[in-house]
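Visitor: Next up is a structure, given as structure tokens.
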Amino acid sequence: FVDRVVRFLKLDEPPAFTAEAKIDGLSLSLRYEGGELVTGATRGDGAEGEDVTANVRTLHDIPKTLKGRNVPEIVEIRGEVYMTHDDFIALNRRQAEAEEPVYANPRNSAAGSLRQKDPAITASRKLKFFAYAWGEMSAMPAKTQFGMMTWIGKAGFVTNELTTLCDSIEGVLKYYRDIEKKRARLGYDIDGVVYKV
């Protein structure tokens, strides 16, 4: 993989990589204009998503107003809505006690919770959000992937604490092995590891 990146980018040596755990949740895109949240939408079919703005406003991990002075006029933040294992178990316990259907897994419960018609139900579900990327930006506050992740955190978003910068192939492999050891104890589901140039 690293060799292919070096060849494709015509580099003399491997670049640094941002490494992060791939959260298993529901993809969400957030649009800010003038620093204010205006839209929250699911990925949907990749071309058209579902407007969940009212429900998104109930999530504590999603700022309604971006922080800092270096905020572009248009900011699109992408991330993942998820549910911790403990919150998933508690939700299913409440569902069973109310003789309501239980959810199959945390991802499905997060997706179903975010798509509720009543935002109060969404607010009661303890959904969490990790920001991990950006879309449309009227200006770039940083020049690198890791720099953008740092800016996203300073703007008020929760980013995954496992995100790190790997400056060697050995670092890339070590990160994978470390996540493999930690995976069962994270308290939320992941699909694996993502590396970004």
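The values are calculated or read from the model by the stated rules, or taken from the named source; none is laboratory data. Keep in mind that what you see is a predicted model, and the values were worked out from it rather than measured. Surface areas here come from the heavy atoms of the whole protein model, side chains and all, with no ligands, DNA or RNA. Shrake-Rupley method; radii C 1.70, N 1.55, O 1.52, S 1.80 Å.
Visitor: Which value results for Rg/Rh of the chain when Rg is the Cα radius of gyration and Rh the Kirkwood radius based on the inverse mean 1/r?
Guide: We get a ratio of 1.00 for the chain.
Visitor: Quick check for you: with a 1.4 Å probe and neighbouring chains kept, what is the accessible area per residue of region 63-197, in Å²?
Guide: Result: 57 Å² of accessible area for each residue.
Visitor: Kindly express, to the nearest 10 degrees and within the range 0 to 90, the angle between helix 169-182's C-alpha long axis and the longest C-alpha principal axis of the chain.
Guide: 20 degrees
Visitor: Give me the distance between the Cα centres of region 1-41 and region 159-197, rounded to whole Å.
Guide: Rounded to whole Å, the Cα centres lie 14 Å apart.
Visitor: Also: Nearest 10 degrees is fine. How inclined is helix 145-154 to the longest principal axis of the chain, computing both from alpha carbons?
Guide: Here the helix axis deviates by roughly 40 degrees.
Visitor: Of the accessible area of region 1-130, with the probe set at 1.4 angstrom, what percent is carbon plus sulfur?
Guide: Heavy-atom surface of region 1-130 belonging to carbon and sulfur, 1.4 Å probe: 48 percent.
Visitor: Students often forget the sequence filter, so: which aspartates and glutamates lie under 12 Å Cα-Cα from LYS126 once same-chain residues fewer than 8 apart are removed?
Guide: ASP61, ASP86, ASP87
Visitor: Tell me the angle of helix 85-97 to the major Cα principal axis of the chain, expressed in degrees between 0 and 90 and rounded to the nearest ten.
Guide: 20 degrees
Visitor: Semi-axes, largest first, in whole Å: what does sqrt of 5 times each Cα gyration tensor eigenvalue give for region 91-197?
Guide: Values for region 91-197, descending: 33, 21, 10 Å.
Visitor: Just check region 1-115 against the gyration tensor rule for me: Cα atoms, a ≥ b ≥ c as the square roots of the eigenvalues, rounded for a/c under 1.5, and otherwise prolate or oblate depending on whether a/b exceeds b/c.
Guide: Note, shape of region 1-115 comes out oblate.
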